[in-house]
Every structure is written in structure tokens, then in C-alpha cells.
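Below: the structure, in C-alpha cells.
Computed from the coordinates by the stated procedures, all read-outs in this text should not be read as laboratory data. Bear in mind the structure is a predicted one, so any value in this text is a computation, not a measurement. No Cβ is skipped: glycine too gets one built from the backbone with ideal geometry, and neighbour counts run over all protein chains shown.
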């Protein structure tokens, strides 16, 4: 696969020189006939999330992730039209959830943050989890005590049975720049 070869060449060049290689360098190094072919493969690498365009100079590419050889996952945000691109080093399943209010503001979680949830039934007390209760999805703090699930967001709620979907493991926040 040419993209993999091009990406490896970019990484090697960047690690040695601390800057991105030219398209001509890539063309010569991976033995393709035209720079247009390099552009085609670069575009595919951008679509897959391995490279991004520099916002200040569209002609400059930047590496998007520290570890390029692991699996890029594109995760659909379950309560929004957004998607999130993240690299994980495992074969676990993940979901994403967009925060709709400021209930967890004191915990550093703000409205419109996107939470990445590892699908698991194994939560520990004080974990932030994703739960399905009465056909609705909630993000709440988890406690289990004396046979009861105690879930807390704005208030504590007690349940004898809950559907645990997963555990919050990561937060993505988009920051607007003026």
C-alpha cells in the first residue's frame, strides 16, 4: 500500500529533520512518476486522519498523532452529528457522547465537550459512566453500595438495576479562537 510507504517516509524524514518533506522528495523516495500521485496518496492520508493541513498555510502538512502504526478509529457521537478521530492501541469498542449541559462543570467537563466511552460493564466507585435508564442515555458518576447502584449527576439517584454501557476514559474539547 503506497499510503503506508509514504507515511513511513514522512515519519522518518520528520524524525531526522524536524520538518515535513517536500512532495518532490516523497516522489523520488517512494518511486512514483508524478507529484500528482503523491498528492493523491497524501489526500487519502488526510482523510484517514494521519496528516492534517496547517491552518496558517494550507500547503504545509502536519502529523496528527504520536503513534501512526496503531489503529485510527472514527467514532460516531451517539447524541450528535459529530464524529471523533482517535488512535487506540487495543481492540476494545468505544462510543462518544456530547455533553448537553454543565452538570459536571465542577469536574472540568463543560457543555459541548465530547466524552469517549470504553464499552465495559466493569466500573469502579467514582468512575464516570454512560448508562441507559428507561430508554434514555445518561452520563453519571457511579457508586455501588449495599446492593444498590447510586448514580449521581445533579442529584443522587438509587437503582436496584441499571444498564451500564461503559466508562468515560477521554474528553475532547473544541476551543474557539477569536
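Given a Förster distance of 22 Å, report the FRET efficiency between residue 134 and residue 76 from their Cβ-Cβ distance, rounded to the nearest 0.05.
0.45
Starting from the Cα-Cα distance between residue 152 and residue 174, subtract it from 0.36 nm times their residue separation and give me the gain in nm to one decimal.
Contour length minus Cα-Cα distance gives 5.3 nm.
Defining a contact as two alpha carbons under 8 Å apart and six or more residues distant in sequence, what relative contact order in percent does segment 71-172 show?
The normalised contact order for segment 71-172 reaches 23 percent.
So if we plug the beta-carbon distance of residue 111 and residue 163 into 1/(1 + (r/R0)^6) with R0 = 25 Å, what FRET efficiency do we get, rounded to 0.05?
Here the calculated transfer efficiency is 0.50.
If you take the beta carbon distance between residue 101 and residue 52 as r and set R0 to 35 Å, what does 1/(1 + (r/R0)^6) give as a FRET efficiency, to the nearest 0.05?
0.70
With a cut-off of 16 Å, note down the residues of segment 125-158 whose backbone N falls inside the zone around a label point 7 Å from the Cα of residue 93 toward its beta carbon.
Inside the label zone: 130-132.
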